[in-house]
Amino acid sequence: MNVRAARAATSLRDSPRVGGPLVDLEELAVIGRFDTVLGAALRRERHDRPFITLAFAQSVDGSIARASSSPTALSNARSLTVTHLLRTRHDAILVGIRTVLADDPLLTVRLVEGPSPQAIVLDSWLRFPLHARLLVDGVRPPIIATTTGASEASAEKLRAAGARILRVPPDAHGMVDLEALLLRLRRSGTRSLMVEGGARVITSVLRAEVADHLVLTIAPVFLGGLPAVNSLAPLDVGSLPQLRNILHTPLGDDLVLSASL
Ligand SMILES: NC(=O)c1ccc[n+]([C@@H]2O[C@H](COP(=O)([O-])OP(=O)(O)OC[C@H]3O[C@@H](n4cnc5c(N)ncnc54)[C@H](OP(=O)(O)O)[C@@H]3O)[C@@H](O)[C@H]2O)c1
């Protein structure tokens, strides 16, 4: 892995909590082990959906932001480098529309060498702003996954601005039906998908029991904010997601954990 110096902050969540040097050689070896395990997992291709890695940063109390609309830098420069390494290992990256509205992220790979994944946004009613950086500054046009009920006029405006619109039927809550979307993505060639959040999207992925791998950064801070995961009540105790093959390492004062689900 060729690690470059952190570039100027471009989005608060996408920029480090604290500066400082990037990974040293020892840390590089541990990250290399994470990468080897993930690489082996990624080779186990599925045909009904992409391989899915959940990757997010949380405080010690399990919050991913101070509040739903409040961007919060949680990762340090080292753990953010791991996030960028993960991004470049996946064909696509998925976030919810509330993350776009709160953070205006780019979701590109900037801290390591390698291609950026295709950005996909779950947006049932096409609230995606025309000035979002994913549209204006992204390396390739984002896919906006929406429902068959969303306005065609909004779809046209977003298409004219460069976005690709993918319509799937709504689920029981009127949101994008995750399983239908995953099948469409796999059929169009997406073999691996990194899910970065926010909390509602993480919860949907866990409830649908489609997460294969987890890379979790724990920052040494209490936030008392937006919990990473909402109720998983529809799942019975026997099917709650469990971690296996756990690897963990401190990176600076962050703890990074990688595991199969
Ligand atoms: N620490 C981290 O690593 C990290 C990473 C990412 C985000 N965040 C933070 O997370 C916060 C946003 O999280 P959030 O939970 O409020 O929102 P979110 O998960 O980013 O977006 C959720 C929205 O996506 C849309 N959606 C469409 N289909 C969906 C589906 N099947 N499942 C789930 N959502 C679906 C829904 O809006 P519509 O009904 O309008 O479509 C839903 O309200 C922000 O503050 C951001 O900074 C933190």
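Throughout, read-outs are computed from the coordinates displayed, never taken from laboratory work. Remember, it's a predicted structure, so these values are computed and weren't measured experimentally. Neighbour counts are summed over all protein chains in view; Cβ atoms, including those assigned to glycine, are modelled from backbone coordinates with ideal geometry.
Using the Karplus curve 6.51 cos²θ - 1.76 cosθ + 1.60 with θ = phi - 60°, what ³J(HN,Hα) values do you get for each residue of the stretch 25-41, in whole Hz, with x for Gly and Pro?
Those phi angles translate into 5, 5, 5, 4, 5, 5, 4, x, 5, 3, 5, 5, 4, 5, x, 5, 5 Hz.
Would you mind checking the tilt of helix 178-187 against the longest principal axis of the Cα atoms of the chain, expressed as 0 to 90 degrees and rounded to 10?
On a 0 to 90 degree scale, this one is about 80.
Find me the longest stretch of the chain that has none of the exposed trypsin sites (Lys or Arg not before Pro), where exposed means in a DSSP loop (not H, G, I, E or B) with at most 10 other Cβ atoms within 10 Å.
Counting at most 10 other Cβ atoms within 10 Å as exposed, the longest clean stretch of the chain is 45-261.
Enter the Cα centre distance for the pair the stretch 58-113 and the stretch 160-202, rounded to the nearest angstrom.
About 18 Å separates the Cα centre of the stretch 58-113 from the one of the stretch 160-202.
Can you tell which of L251, G39, S124 lies farthest toward the positive end of the dipole of the chain, using +1 and -1 charges on the Cβ of basic and acidic side chains (Lys, Arg; Asp, Glu)?
The listed residue farthest towards the positive side: S124.
How far is helix 77-89 tilted off the main Cα axis of the chain, in degrees rounded to 10, range 0 to 90?
50
Which value in deg cm²/dmol, rounded to the nearest 500, describes the helix-derived mean residue ellipticity at 222 nm for the chain, given -39,500 (n - 2.57) per DSSP H run of n ≥ 4 and division by the residue count?
Counting only the DSSP helices, I get -8000 deg cm²/dmol.
Calculate how many DSSP beta bridges within the chain are antiparallel, expressed in % of all such bridges and rounded to the nearest 5.
So the antiparallel bridges in the chain amount to around 40 percent.
How would you rank 229-240, 145-156, highest first, on the average number of other Cβ atoms within 10 Å across their residues?
The packing order, highest mean first, is 145-156, 229-240.
Mind pulling the per residue volume of the convex hull built on the Cα atoms of the stretch 150-261? Å³ is fine.
Per residue, the Cα convex hull of the stretch 150-261 comes to 173 Å³.
Any chance you could list the semi-axes, whole Å, largest first, of the equivalent ellipsoid that the Cα gyration tensor gives for the stretch 82-151, using √(5λ)?
Equivalent ellipsoid semi-axes, largest first: 23, 12, 10 Å.
In debye, nearest 20: dipole of the stretch 25-260 around its Cα centre with unit charges on the Cβ of K, R (+) and D, E (-)?
Taking the Cα centre of the stretch 25-260 as origin, the dipole is about 560 debye.
Going from the alpha-carbon gyration tensor of the stretch 44-100, what semi-axes, largest first and in whole Å, does one get by taking the root of 5 times each eigenvalue?
24, 15, 11
Amide H of A67 versus every other amide H placed in the peptide plane: which residues, excluding those fewer than 5 positions away on the same chain, fall under 5 Å?
Long-range HN contacts for A67: L226.
Using r as the Cβ-Cβ distance of R164 and H248, and R0 as 45 Å, what FRET efficiency do you calculate, to the nearest 0.05?
It comes to 0.75.
Can you list the residues, at least 5 places off or on another chain, whose amide H is less than 5 Å from the amide H of R167, using H built in the peptide plane?
The answer is T146.
Hey, what D do you get for the stretch 25-260 in µm²/s if you plug the Kirkwood alpha-carbon radius into Stokes-Einstein at 20 °C and 1.002 mPa s?
The estimated diffusion coefficient comes to 118 µm²/s.
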